[in-house]
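The values are calculated or read from the model by the stated rules, or taken from the named source; none is laboratory data. Quick caveat, the model's predicted, so the values are computed rather than measured. Cβ placement follows ideal geometry from the backbone for every residue including glycine, while neighbour counts extend to all protein chains displayed.
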Amino acid sequence: MSKKILVLTGGTRHGGNSEQMADAFVRGAQAAGHQVVRYDAGFKAIKGCIFCETCYKLGEKKACSHDDVFNELAPYYEWADALVVVTPLYWYTYTAQVKAALDKYYSLMVAKRPQPIKEAYLIACGAGKDDYKYDAIINTHDLIARDRGWENRGCYHVNGVFHKGDIQQKYLDELEEIGRTF
Ligand SMILES: Cc1cc2nc3c(=O)[nH]c(=O)nc-3n(C[C@H](O)[C@H](O)[C@H](O)COP(=O)(O)O)c2cc1C
């Protein structure tokens, strides 16, 4: 069955490991016939939520009263039935841009907007070589999924990648296959 997948990426450098991981997943998902929208938050000046709860109060297209960047992402949150977050570890969690983008999901909850996402998957990479260094992000992903009633489809992570291009092709091949069978 064709799914509507929002791929939210947090990488901040072009040609980086996480960008290649996202590319691979998207290639597979599209080959399988899924509809994919990719939002590269890592390249956006997206701001964090300030808990004003004026979401959508200034109009249908103003999901956030203070951040026009989020207004371009919000319709994709209302469109997707699956969310795939692809991020490098920054201090053992999402990059700040992905965190801001996830914080802003609160806007849809405040305004009781359509929230069709039913499942979530996490793809992460980092320089750290020990698996325990991914515990925090995996746990956060799980808590968000449980909070929202999304099925947690799990986490794929590649450790020990620091420089651009450190990621090995075998992992990209695996991610393409994961996209194909998502
Ligand atoms: C500000 C910053 C914080 C980072 N924090 C971590 C970390 O907590 N754990 C880790 O394993 N790697 C950390 N890294 C390394 C990156 O996760 C790693 O280089 C990754 O491959 C970068 O992804 P990219 O190639 O898509 O940019 C950090 C890098 C930066 C710039």
If the Cβ limit is 8 Å and pairs must be 6+ apart or interchain, which residue in the stretch 9-35 that is within 13 Å of the ligand (Cβ to nearest atom) and among the aliphatic types (A, V, I, L, M) pairs with which residue that is modelled with pLDDT of 95 or more and part of a loop (DSSP other than H, G, I, E, B)? MET21/ILE167; ALA22/GLY11
As an exercise: evaluate GLY42 against (1) out of contact with any His (no Cβ under 9 Å at 6 or more places or on another chain); (2) under 23 Å from GLY179 (Cβ atoms); (3) surrounded by fewer than 19 Cβ atoms within 10 Å (Cβ to Cβ) and give the number of the one condition it does not meet. (3)
Tell me, which helices (runs of 4 or more DSSP H) lie completely within the stretch 83-182 with 1 or more residues that are more than 27 Å from TYR56 (Cβ to Cβ) and in contact with a Ser or Thr (Cβ under 7 Å, 6 or more places away or on another chain)? 135-148
If you check GLN115 against the conditions, is it surrounded by fewer than 16 Cβ atoms within 10 Å (Cβ to Cβ) and of a type in the set (S, T, N, Q)? yes
Could you check the stretch 116-155 and list, in sequence order, the residues that are under 16 Å from MET21 (Cα atoms), without any contact (Cβ under 8 Å) to a residue 40 or more places away in the chain and within 16 Å of the ligand (Cβ to nearest atom)? LEU122, GLY126, ALA127, CYS155
